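Undergrad: Input: one structure, supplied below.
A short reminder: the numbers here are calculations on the coordinates, not readings from a lab. In this text the structure is predicted, and so the values were computed from the model without any measurement. All Cβ positions, even for glycine, are placed from backbone atoms using ideal geometry, and neighbour counts span all protein chains on display.
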Amino acid sequence: MLVREIMTRPVVAIGPDEPIGDVIALMEQRRLRHFPVVDDGRLVGIVSDRDLRTVGSEHPKARPDVRRRDAVRAIMTESVWTAHPLDPIDEAAAVLRRQTIGAMPVVDGDDLIGIVTASDFLDALVRMTGVGRSSTRLEVELPNRPGALAGLLTHVASRGANVASVLTTRSDPEAVVFVLRVGTIDGRSLAHALREAGYEVAWPPADAARETARTA
């Protein structure tokens, strides 16, 4: 999945000379948390709700010389981390996390074409994992060797279940923990069958799987 698939467009941008009070009102009206700042068609900064909340407050980072009537250039961040529309979302999310920022404008050349936020990445994660569909979550630990995952998927398919997504939560030289979203509502029976075949299933719990098998 690429940034262009999850970004918000068109993006609401402001000029650097906009009064801070007007920007606060616009942010509340649009229910947005970040505004890219554009001057003569060029991205020159970004301002967040956190920046705006410091103005005229007792916040530790508040600047006593800045008032709501001043231009937003006084509080905007000028060094802006940006994303490209063709960036993979996992790489863009890593930048967002590493830089501890809440949003990145999306640029193509000199053109501002969108914005991607932490909420967009969370929404993408929900879609990628298939949460909300009629499905079951399986967590299985496999040996870290070629073919191990293929064998598991083949075994799941032999039980008539379709795998909608595969993620990993842990990987080391010895083992990999895979999280599967499987298209069945009877995940406990599937987990029981996998354990019978020798797989290490961490979820659903083994006790629940045995209880289902006894009452089936």
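Undergrad: For the range 158-169, which positions are free of Cβ contacts under 8 Å to residues at least 24 places away in the same chain and more than 11 Å from Thr184 (Cα to Cα)?
TA: Ser158, Val166, Thr168 - these are the residues of the range 158-169 that are free of Cβ contacts under 8 Å to residues at least 24 places away in the same chain and more than 11 Å from Thr184 (Cα to Cα).
Undergrad: Residue check, His192 against (1) buried (at least 18 other Cβ atoms within 10 Å of the Cβ); (2) touching a residue at least 24 places away in the same chain (Cβ under 8 Å), all met but one. Which one?
TA: Here His192 clears every test but (2).
Undergrad: Do you know which residues across the range 131-182 are buried (at least 17 other Cβ atoms within 10 Å of the Cβ) and either in a loop (DSSP other than H, G, I, E, B) or at positive phi (or both)?
TA: Ser135, Ala161
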